[in-house]
1. Work out how much length residue 20 to residue 115 would gain on full extension: take 0.36 nm times their residue separation and subtract the Cα-Cα distance, in nm to one decimal.
2. Segment 88-128 to segment 141-162: how many Å between their Cα centroids?
C-alpha cells in the first residue's frame, strides 16, 4: 500500500492528486460544521440559567429523604437543610501590574478587569471559571427509625455530604394513630 501511494506521488499527476485531496478535506470539514453531530447538540447551552442555592438545598433534602427511606422505609420523613450562603462564583480576570521605580521610591499599581463574553442574544456576562456550592450549615431529619437505623442514617449523611456530625440532628417522629 505504501509503495502504491509513493508511486502516485512521484508521477506527473501528483500535484493534481494532492490538490483534489485538499479540496475533499475542506469539503468534509465544511460538511461537519453544517451538520453538527448529536454529541455537540446535547451539550448544555450557555443561555441556561445557573443552578440556584434553593435548587441545591431542595436536591440535598431529596437525597437525604431517599437515604432515610432506604434505611428504615419511612416515606413520611421530614428533612430540612440550612445553608451558610448562596452559590459563589470565580470569574476569569486579567490583572495588569505597573511597577515604577524612582530614585527615592518604588510604586506598584495593579488593575483587575474581568473577561466578558457575549451570548447569542448579545448580552454580556463575565466568564465563570468555577462555582462553589454553599456549605451545609445543618441537617434536621424527623423520621420513624430505630436507634440502629438512626445511626445508619447519620453515617450515610456524613459520608454523602462530608459534614460534621454535630451538624446533623435525627429525631423520632410521631407514629400515626396516636
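Quick note: the coordinates plus some simple rules give every number you see, no bench work behind them. None of the values given here were measured: they were computed from a predicted structure.
1. Working: separation 95, 0.36 × 95 = 34.20 nm, distance 4.24 nm.
This chain segment gains 30.0 nm when fully extended.
2. For segment 88-128 versus segment 141-162, the Cα centre distance is 47 Å.
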